[in-house]
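This report concerns only the one structure given below.
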Amino acid sequence: MSVSARPDDEQVERHHAQALKARAEKRAHAEALGVDEGFVSYFVEAFYARIRADEVLGPIFAAKIHDWDDHLGRMKRFWRSVLFSSGEYSGNPMVKHVAIPDLERDHFAHWLELFYATLRDLAANDEAVQLVGARARMIADSLLTGIAMKRDGLAGSRAGQGLPTP
């Protein structure tokens, strides 16, 4: 007699229901802190205005982004997916970032500092800053580590250590 490792329909439905519940709870928590779709849109616009004006990061972004409206829309979908588990973003940020030559830890640290400054200016409370800032730091760490591992192998696996926190 063999045992199938394949879940039955009831297990799949139960897992799906749990995932939907977790997604709704995540969104409700963020919204209770003032982090809703309107905030994400406003934040992304303000943050990337700072990026574009920044003397360090502005030129890097200008070299890669030719349609800012498209990029801002993509970033809004990305951050809604990150913060609300909306699932509306599809893409591979790692591939985009690995393709940028000479992208280093200092660039990510500076990006985070601008991100946190924008958050502190716009968020309704410190809990919102911590929630969104922690996700940004996790993403920066992941991208930096991926880039470092691509360039340096396993030696790059701790590249994100020491990045600023919100």
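Throughout, read-outs are computed from the coordinates displayed, never taken from laboratory work. These figures come from a predicted structure and were not determined experimentally. All Cβ positions, even for glycine, are placed from backbone atoms using ideal geometry, and neighbour counts span all protein chains on display.
Nothing charged except the Cβ atoms of Lys and Arg (+1) and of Asp and Glu (-1): what's the magnitude of the dipole of the chain about its Cα centre? Round to the nearest 20 debye.
Numbers: 21 positive and 24 negative charges, 72 e Å.
Computed about the Cα centre, the dipole is about 340 debye.
What percentage of all Cα-Cα pairs in the range 68-132 are separated by more than 21 Å?
Values: 773 of 2080 pairs.
Percentage above 21 Å: 37.
For the residues VAL98, VAL35, VAL132, a GNM of the chain with alpha-carbon springs under 10 Å puts the largest fluctuation on VAL98.
Sequence-ordered 3J(HN,Hα) estimates for the range 113-130 from the Karplus curve with 6.51, -1.76 and 1.60 and θ = phi - 60° stand at 4, 5, 4, 5, 4, 5, 4, 4, 6, 10, 6, 6, 7, 5, 4, 5, 4, 5 Hz, glycine and proline given as x.
How would you order 61-73, 38-50 from highest to lowest mean count of nearby Cβ atoms within 10 Å?
Working: 61-73: 12.0, 38-50: 16.9.
Top of the packing list down: 38-50, 61-73.
Just how many pairs of Lys in the range 9-156 have C-alpha atoms closer than 19 Å, counting pairs that are eight or more places apart or on different chains? Intermediate values should be presented prior to the final figure.
Working: LYS26/LYS76; LYS64/LYS76; LYS64/LYS96; LYS76/LYS96; LYS96/LYS150.
Lysine pairs meeting both conditions in the range 9-156 amount to 5.
Note on the range 9-156: semi-axes of the ellipsoid equivalent to its C-alpha gyration tensor, largest first and rounded to whole Å, are 27, 21, 15. Take 140-153, 14-27 and order them by the average number of nearby Cβ atoms within 10 Å per residue, most first; the result is 140-153, 14-27. Rounding to the nearest 10 and keeping the result within 0 to 90°, find how far the Cα-based axis of helix 9-32 lies from the longest principal axis of the chain. With rounding to tens, the tilt is 40 degrees. The angle between the Cα long axis of helix 68-84 and the main principal axis of the chain comes to about 40°, on a 0 to 90 degree scale.
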